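Worksheet: the structure to be examined is printed underneath.
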Amino acid sequence: MSEDRSGPGGGWNHRVAELDGLRMHCGREGGGQPLLLLHGWPEFWWTWHRNIPALEGDFDLIVPDLRGFGDSRPAAAPDGGPAGAAVHAADVLALADSLGLDRFGIVSHDVGAYVAQQIARDRPERVSGLFFFNCPYPGIGRRWTEPEQIREIWYQSFHQMPWAAELVGHDRETCRIYFQGMLRHWSRDPAAFDGQIEAWVDNFMKPGNIEGGFAWYAATHQARMALVRDGAPELAKIAVPSRIYWGRHDPVLRCEWTDRLGDYFEAPEVEIAEDAGHFVHFERPEESNARIAAFFASL
């Protein structure tokens, strides 16, 4: 284990993979069964820093920044505009190929969960298991816009405004206000990120990082609108072994939405994290780490 892990910079093993049109940054720690840890929004690779030390003794942990997040820098926008789940999935598979990984497990959250599902549908033979925190999936359907939910999804439209990134990134204080507000509101304990926020500000004040995260919402807008218009689609079930650990108090991805997971995953293991909100892996790391380790050991 590296000595100084007080921040995202020092004390970690950083790698940069030169992929087609993308310099993809990741942390890599430990050894053993390979696990990819895929972050959500508003996050970057360091969101897993409370999980890596507990897991690196048994697992080869590959912890990337997704395209446009953190220090993963695309040469240009891919054909078709901002990157959605399919582009991110192709990036992650290319990263795995560059590291010589034929098969791997995936631990994911939020945006990363969309990417993990895309990989599991496109290349199931590559994935040994899927562990999700608060997993957005097609079965949510029209519930995204139920009356009590409207006030929680405002940011998905705001992020598509052409001036949104300029406003949030006006200076460090506006950046701090915005991301601290999101982190506090989505956590069970509003103090969960106390002492951590400057790392988030440092990350999102890097040129292009606010835009990179916001671009996700433009890329996935049509798919969200299709769910709202048409409801939950019928899809073949994901056959990869799957476990979901969902925070009871997540205001944006509600735990009652676990009800249709069985329609989209074969025999998913579902558990509610009773004292957590949106960021279960960060808010309740000990419980999360134990469940990740037990799930992948069982495979």
The listed residue being in contact with a strand residue (DSSP E or B) (Cβ under 6 Å, 6 or more places away or on another chain) and not aromatic (Phe, Trp, Tyr), out of Ala120, Ala90
Ala120
Would you pick out the residues in the stretch 272-292 that are touching a strand residue (DSSP E or B) at 6+ places or on another chain (Cβ under 8 Å) and more than 20 Å from Asp189 (Cα to Cα)?
Arg291, Ile292
Look through Asp263, Asp250, Asp230 and report the one residue that is among the charged types (D, E, K, R) and buried (at least 17 other Cβ atoms within 10 Å of the Cβ).
Asp250
Counting only residues that are open to solvent by less than 60 Å² (accessible area, probe 1.4 Å) and more than 22 Å from His109 (Cβ to Cβ), how many does the stretch 233-247 have?
1
Return a yes/no flag: does the stretch 215-224 have any residue that is at negative phi, surrounded by fewer than 16 Cβ atoms within 10 Å (Cβ to Cβ), assigned to a loop (DSSP other than H, G, I, E, B) and out of contact with any Leu (no Cβ under 9 Å at 6 or more places or on another chain).
no
Can you list the helices (runs of 4 or more DSSP H) found entirely within the stretch 70-172 that contain at least 3 residues being modelled with pLDDT of 95 or more, within 19 Å of the chain's Cα centre (by Cα) and of a type in the set (A, V, I, L, M, F, W, C)?
85-98, 111-122
For the stretch 278-287, does any single residue satisfy the condition of being assigned to a loop (DSSP other than H, G, I, E, B), more than 18 Å from the chain's Cα centre (by Cα) and either buried (at least 20 other Cβ atoms within 10 Å of the Cβ) or modelled with pLDDT of 95 or more (or both)?
no
Checked against (1) over 27 Å from Gly129 (Cβ atoms); (2) in contact with an Asp or Glu (Cβ under 9 Å, 6 or more places away or on another chain); (3) in a loop (DSSP other than H, G, I, E, B), Glu234 satisfies every condition except (1)
If I filter the stretch 187-210 down to residues being open to solvent by less than 70 Å² (accessible area, probe 1.4 Å) and in contact with a Leu (Cβ under 9 Å, 6 or more places away or on another chain), which single residue comes out as nearest to Gly7 (Cα to Cα)?
Gln196
Residue among Gly247, Gly277, Gly208, Gly212 that alone is on the phi > 0 side of the Ramachandran plot and in contact (Cβ under 8 Å) with a residue 60 or more places away in the chain:
Gly208
Counting only residues that are closer than 18 Å to Gly11 by Cβ and open to solvent by 10 Å² or more (accessible area, probe 1.4 Å), which one in the stretch 30-44 is farthest from the chain's Cα centre (by Cα)?
Gly31
Scanning the stretch 134-149 residue by residue, those touching a helix residue (DSSP H, G or I) at 6+ places or on another chain (Cβ under 9 Å) and open to solvent by 60 Å² or more (accessible area, probe 1.4 Å) turn out to be Arg142
As an exercise: evaluate Glu256 against (1) within 25 Å of His49 (Cβ to Cβ); (2) without any contact (Cβ under 8 Å) to a residue 40 or more places away in the chain and give the number of the one condition it does not meet.
(1)
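The values are calculated or read from the model by the stated rules, or taken from the named source; none is laboratory data. Remember, it's a predicted structure, so these values are computed and weren't measured experimentally. We place every Cβ from the backbone using ideal geometry, glycine too, and count neighbours over all the protein chains shown. Ligands, DNA and RNA are excluded from the accessible area calculation, which covers all protein heavy atoms including side chains. Shrake-Rupley method; radii C 1.70, N 1.55, O 1.52, S 1.80 Å.
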